[in-house]
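To start, the structure itself, in structure tokens.
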């Protein structure tokens with residue numbers, strides 16, 4: 001398996017936006033109030049220049065296969081970051097790429113000094129939610145912080161030890 005996991009580069013913007021929106025279309029997930037319609041999806045490189053954030057990109061056989069990162073979203077507090085942009089292309093699923101991306105993101109969160117990771121999702125991504133649960137994320141009854149993705153109705157938190 002020719003897998004390379006690296007930080008985002010400016011040249012990744014278009015391919016990542018296409019892959020992320022393709023995952024939404026594949027799962028018939030809502031487009032309004034989600035990453036799908038968020039204008040920052042078209043320029044993730046700039047978004048992830050914020051201090052305390054990082055986006056990992058997986059290349060499989062030279063093609064963008066997935067991404068996952070952390071972002072210190074508004075209202076989460078100094079000890080908590082958000083696990084964000086966790087998407088793996090249909091062709092690359094089932095090979096452990098998603099798990100490697102998640103582990104890399106959690107390691108980054110610890111290195112930045114965060115003790116908790118928060119995430120938001122949708123029922124359309126039920127398989128991903130099961131993966132989050134297996135990795136120690138606990139469902140919450142209400143959102144944390146001040147999310148702009150108002151359609152998300154699954155909120156989870158993991159304590160990093």
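Every read-out reported here was derived from the displayed coordinates using simple, explicitly stated rules and does not represent laboratory data. From a predicted model like this one, the values you see are computed outputs, not experimental measurements. Cβ coordinates were reconstructed from backbone atoms using ideal geometry, including for glycine residues, and neighbour counts include every protein chain displayed.
Between the stretch 1-58 and the stretch 67-108, what's the alpha-carbon centroid distance in Å?
Measuring centre to centre over Cα atoms gives 11 Å.
Per-residue counts of other Cβ atoms within 10 Å, averaged by peptide: what ranking do you get for 86-97, 6-17, highest first?
With the highest mean Cβ count within 10 Å placed first, the list reads 86-97, 6-17.
Rounded to the nearest 5, what is the percent of antiparallel bridges among the DSSP beta bridges in the stretch 3-159?
On the way: 26 of 29 bridges.
Roughly 90 percent of the DSSP beta bridges within the stretch 3-159 come out antiparallel.
Report the rotationally averaged projected area of the chain based on its alpha-carbon convex hull, in square nanometres.
On the way: hull surface 34.0 nm².
With every direction weighted equally, the projected area is 8.5 nm².
With N residues in the stretch 1-60, what two-decimal value do you get for its Cα radius of gyration over 2.2 N^0.38 Å? Each step should come with its number before you reach the end.
Values: Rg = 12.4 Å, N = 60, 2.2 N^0.38 = 10.4 Å.
Against the compact-globule rule of thumb, the ratio is 1.19.
Which FRET efficiency value, to the nearest 0.05, do you get for residue 139 and residue 103 by plugging their Cβ-Cβ distance into 1/(1 + (r/R0)^6) with R0 = 25 Å? It would help to have the intermediate numbers written out before the result.
Working: r = 21 Å, r/R0 = 0.84.
The pair residue 139/residue 103 has a calculated efficiency of 0.75.
Grab the Cα-Cα distance for residue 95 and residue 50, subtract it from 0.36 nm times how many residues apart they are, and report the gain in nm with one decimal. Working shown, then result.
Working: separation 45, 0.36 × 45 = 16.20 nm, distance 3.04 nm.
13.2 nm is the gain from fully extending residue 95 to residue 50.
Contact order normalised by length for the chain, with contacts defined as Cα pairs under 8 Å and 6 or more residues apart; what percent is it? Write down the numbers at each step before the final one.
On the way: 285 pairs, mean separation 37.4, N = 161.
After rounding, I find 23 percent.
Can you give the translational diffusion coefficient of the stretch 88-137 in µm²/s, computed by Stokes-Einstein from the Kirkwood radius over Cα pairs at 25 °C and 0.890 mPa s? Numbers along the way, then the final one.
Values: Rh = 12.0 Å.
It diffuses with D of about 204 µm²/s by this estimate.
Go ahead and set up a Gaussian network model of the chain, Cα springs under 10 Å, then flag whichever of 151, 51, 34 fluctuates most.
51
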